[in-house]
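A quick write-up on the structure given underneath.
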Amino acid sequence: MNLRLIIIAIASVVCFIGCKKDATEHNSLQRGLTIQASTTTSTESASRTTFNGNETKWVTGDEMTIMVSESNTIPTSAYTFTCQDGQAGTFSNSTIELNPESQYDFYAVYPTSAEVDAANLSAQITIGAATQTQDGDSPTHIAQLDPLTGCVKNTLPNSVSIPMHHNAAVMAINVVNNLPATLGIKGLDIIADDGIKLCGTYDIDIVSGELSNASNASNTITVNVENSDAISQDGTFKIYAAIAPCTLPENSTLEFVITDTNNIQYEFTKTFAAEFNIVAGDLLSTSFNLSAAETITYTADFTSVPAEFPTSATAQTETKYYTFNGRNIGFYNAKGYKYDSTNKYIQFPGVGKRSDLSAKIYIPQIEGYYLLSLIISNEAPLVQNCLSFSLMDGDNIVKMKDALGGESRDSKYISDITEAELVTPSNVEYIKVFSDNNTQGRNYRCKALSLKYTKSE
């Protein structure tokens, strides 16, 4: 009897111990987790939060969102993981609790600004941007414009490596300065045909990578370049842009407009003879020689003038030239001209109908190009037909445009010149401005001049 009781007692102890062990194992969750964000293929650029040419790296202290669930179940929560080692690509969270002997599914989204939908294993991400800002020649701005997603399933928490996928393509534009002077780069515009989405906000299936429901999309991307170093002759400057995956149909175009620090614009067009797909993870590269631009747009803002520009009008007998934004513009008016520093414009007094009273503005000549169009910005209201503008090739009128009366301040007068209207191979030398008043004349006030040139055949 006593022996039986002892056996029962021992058995009870064993049972208790066994039960206690099971309970301990069940509650011994691993607190904290470190994972590694890795790339999927050798051909894809490395996962990154900074972009460095063809090579990309994470930054210590950066964050990503990771959803975790037991294998083959839907996650119910998301965690923020912080990069501990940018070189190794390791991310950690100190609060998550997981069973070290259980398998889990992990779903990652970068950056943390992306909205995640755990129940649908999806996220809302923004790819590229209509306005992007590049510091010098550094491509580090690409990181925040190229969201990354990835997942791994049926994995023990002691060794988690998540393959991350890029969702933007990167376009690298090489600007070659083969002009005779040094210049800096101010920005780049990339313009696609209507309906093509170069950037926007998308829903993404984290498992398949499929994009849907594009919103806030744009067919234009502007990259503003800050702190650009001067490019010497034959030197090259790179501009980087993050582009959303898209399809360029057959015969579609991409227009590239490069603006230098003198506000001169160089336009190039690429036409696609066959359908072309821009794919997530691609690094696309193209080069443009500035001297080969199809059109050049030059703008002179007369709200400021060189120091030697006259501040009082005096009679003159010859044309004088002054440098505006890297190019020379000539001025002539028999009664002189002056800069009005209070109202910020160039004033030509006594402009009349007689040829000796007309004002002349000699435009820059660009070798290999002829004038296509111009915009003159003028100050002050005007009387009906009080001013006329003639585009002159020597003594020959190429195009004439009367100013409309009753225009408000800052009114603009536009002359569009087509190739057929030009006397080939003549160039427009100057703009002749005159009024309908044959005696006293009118005061003409000019604020700005924008000229568009097209390349000669």
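Values computed for the structure shown
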quantity: Residue pairs, from the table K338/K452; K57/K197; K197/K270; K338/K432; K57/K186, whose Cα atoms sit over 24 Å apart; calculated: K338/K452; K57/K197; K57/K186
quantity: Summed side-chain charge close to D203 - residues other than D203 whose Cβ falls under 13 Å, Lys, Arg +1, Asp, Glu -1; calculated: -4
quantity: Alpha-carbon centroids, the range 225-289 and the range 115-177: separation in whole Å; calculated: 20
quantity: Radius 11 Å from Cβ of F272, net charge of other residues (Lys, Arg +1; Asp, Glu -1); calculated: -2
quantity: I74-T131 FRET efficiency (beta carbon distance; Förster radius 51 Å; 0.05 resolution); calculated: 0.85
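Just so you know, all these numbers are worked out from the coordinates, no wet-lab data involved. Predicted, not measured: the structure shown is a model, and the values here were computed from it. Every residue, glycine among them, receives a Cβ derived from its backbone with ideal geometry; neighbour counts consider all protein chains shown.
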